[in-house]
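Below is one structure; the comments refer to it alone.
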Amino acid sequence: MKLLRLVPDKTNLRFMSWRRVSYPFTAFVAIASIALFLTVGLNYGIDFKGGSLIEIKTTDGPANIGEIRGKLGDLNLGDIQVQEFGSPEEVLIRIEHQGDADADQQEVLTNVRQALGENVEFRRTEIVGPRVSGELAQAGIMAVGGALVLILFYIWIRFEWHFAVGAILTTLNDIIVTIGLFSLLQLDFTLSSIAAVLTILGYSLNDTVVVYDRVRENLRRYKKLPLDELLDRSINETLARTVNTSLTTLLALFALYIFGGEVIQSFVLAMIFGVVIGTYSSVFLACPFLIMLKLRPSAFRKEEDDNKAIQA
């Protein structure tokens with residue numbers, strides 16, 4: 001039985017010739033993402049803003065969002081967001097932080113219960129204070145920044161500095177564009193979103209390192225091959241692995257998005273987008289950056305000659 005091959009065995013696509021399109025396209029998307037972040041901003045969740053999150057389910061039929069919003073508006077609690085959450089009977093309520101004491105937050109929950117009446121089942125309540133939310137935000141920023149520093153250190157040791165800079169630029173692009181997606185769609189940005197960004201970072205880096213490893217091998221193998229042709233060869237040789245890994249990952253993520261429920265949908269949507277943009281960047285950005293950084297194949301040839309001289 002012949003196995004299904006998504007990518008032919010010997011592809012010869014000229015990826016480096018497309019860098020004249022990929023560079024301006026990537027720059028445009030990255031600048032647009034930064035502009036969205038600075039103008040629209042992120043839709044920070046309770047984890048970062050502080051406040052109360054309440055998930056309810058009406059027991060007497062589909063929820064009337066307008067009526068619920070009106071009842072809560074009479075409580076004068078400031079910014080209140082009410083939205084359908086999953087089925088027509090399920091509703092998610094977000095209330096801004098009230099006062100500095102836990103007692104104030106508990107009083108808010110009591111007032112909400114009284115306002116909504118008995119035909120409502122309270123399924124989940126979360127309370128986060130401003131001090132905790134600030135610490136969570138700081139920890140999230142440190143996690144992403146620390147990961148980038150460790151990536152730079154790892155790639156710098158394993159490869160030449162050209163590869164390290166190329167990997168960092170590629171990874172930064174993936175993070176910026178993912179943040180742009182959160183700003184554009186106003187997805188809830190919570191601690192799980194930080195986890196999604198870190199996962200995307202790792203996935204993109206893994207793809208990039210696989211391609212870079214083949215580039216390094218080919219730099220020693222094909223000593224007279226022009227750099228752009230060598231990079232094309234390296235990408236084509238790893239293309240089947242890249243496509244198969246991305247598609248199998250996307251199949252699992254789509255299943256999670258469809259059947260996983262509303263709670264994890266923003267996380268999974270970010271992961272789906274991250275896998276797509278990570279695959280794109282490992283093919284159309286990581287290697288073209290080596291040309292822009294003027295990678296010198298002569299350095300690898302000299303290293304090989306030195307090793308042979310030592311062995312002799």
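The values are calculated or read from the model by the stated rules, or taken from the named source; none is laboratory data. Since the structure is predicted, the reported quantities are computational estimates derived from the model, not experimental observations. We place every Cβ from the backbone using ideal geometry, glycine too, and count neighbours over all the protein chains shown. Please note that ligands, DNA and RNA were not included when accessible areas were found on the heavy atoms of the full protein model with its side chains. Shrake-Rupley method; radii C 1.70, N 1.55, O 1.52, S 1.80 Å.
For the stretch 209-290, the spread of Cα coordinates along the three principal axes comes to 55, 20, 14 Å, biggest extent given first.
The Cα center of the stretch 277-297 and the Cα center of the stretch 165-222 differ in position by 12 Å. Solvent exposure of the stretch 201-293, expressed per residue, is 42 Å² of accessible area, with all protein chains present and a 1.4 angstrom probe. Rounded to the nearest 20, the size of the Cβ-charge dipole of the stretch 200-280 about its Cα centre is 440 debye, with Lys and Arg at +1 and Asp and Glu at -1. Other residues whose C-beta falls under 15 angstrom from the C-beta of Val210 contribute a net charge of +1, scoring Lys and Arg +1 and Asp and Glu -1.
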